[in-house]
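Single-structure report; data block below.
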């Protein structure tokens with residue numbers, strides 16, 4: 001059973017701070033990693049994906065990947081109250097079920113004004 | 001594009017009743033996914049269609065659940081008979097060719113009394 005683990009939170013940060021969200025995964029063959037944002041009562045929305053080790057930046061968001069450690073993170077710089085949401089880490093399965101994403105249960109982020 | 005469309009948005013029914021959830025994927029997308037989200041289990045893949053053909057239904061909980069995709073524009077998820085433990089939010093998502101960028105519908109919140 002492929003697993004994706006996230007700290008459920010809540011993670012509380014003040015406005016303007018850096019929020020750091022972490023995720024570990026069990027499928028060592030996975031090659032593609034995704035971060036989804038889900039506001040309360042809404043559907044998941046893709047905000048970042050990363051395929052290669054290292055950092056990938058998109059605006060205030062930076063995804064970091066370390067395949068050796070099976071670890072993915074998402075940094076949100078200059079956090080805003082509108083960033084308050086649950087962040088889901090998703091990992092694309094390797095092998096025969098590579099159409100499938102395995103999702104973590106999410107980390108609830110609260111940005112306090 | 002209107003995005004993925006799901007109906008109904010909310011469904012309240014009594015145990016033993018048949019429930020049918022509907023999904024219209026984004027035009028041109030050839031992959032369709034049905035997910036179920038609960039607090040306990042997070043987001044779980046129920047079934048995956050590619051080019052209208054069911055590829056993986058290993059996530060369907062039991063025989064009470066069935067799904068169809070009669071054409072590229074429409075899919076249904078049916079629960080018969082429904083049970084209180086089926087209460088959850090059901091999402092439909094679509095993508096083109098791969099699961100890398102899945103677009104989620106708004107979801108159907110199902111409550112079985």
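Any read-out appearing in this document is the output of simple, stated calculations on the displayed coordinates, not a laboratory observation. Since the model is a prediction, treat every value here as computed from it, not as a measurement. Virtual Cβ from ideal backbone geometry, glycine too; neighbours counted across all protein chains shown.
Data overview
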read-out: Chain A: most fluctuating residue of A:58, A:83, A:27 per GNM, C-alpha cutoff 10 Å; value: A:58
read-out: Fewest-first ranking of B:112, A:72, A:13, B:53, using other Cβ atoms within 10 Å as the exposure measure; value: B:53, A:13, B:112, A:72
read-out: Proxy reagent accessibility, fewest Cβ within 10 Å first, across B:76, A:24; value: B:76, A:24
read-out: The protein assembly as shown: antiparallel DSSP beta bridges as a percent of all, rounded to 5; value: 90 percent
read-out: Debye-sum result for chain A in log10 I(q)/I(0), which assumes one identical scatterer on each alpha carbon, at q = 0.11, 0.19 Å⁻¹; value: -0.32, -0.93
read-out: Highest-MSF residue in chain A out of A:101, A:88, A:21 [GNM, Cα springs under 10 Å]; value: A:101
read-out: Where N is the number of residues in the range B:29-88, Cα Rg divided by 2.2 N^0.38 Å; value: 1.13
read-out: Gaussian network model of chain B, Cα within-10 Å springs - most flexible of B:22, B:64, B:36; value: B:64
read-out: Percent of Cα pairs exceeding the 31 Å cut-off, where the set is the protein assembly as shown; value: 22 percent
read-out: Ranked A:77, B:41, criterion: other C-beta atoms within 10 Å, fewest first; value: B:41, A:77
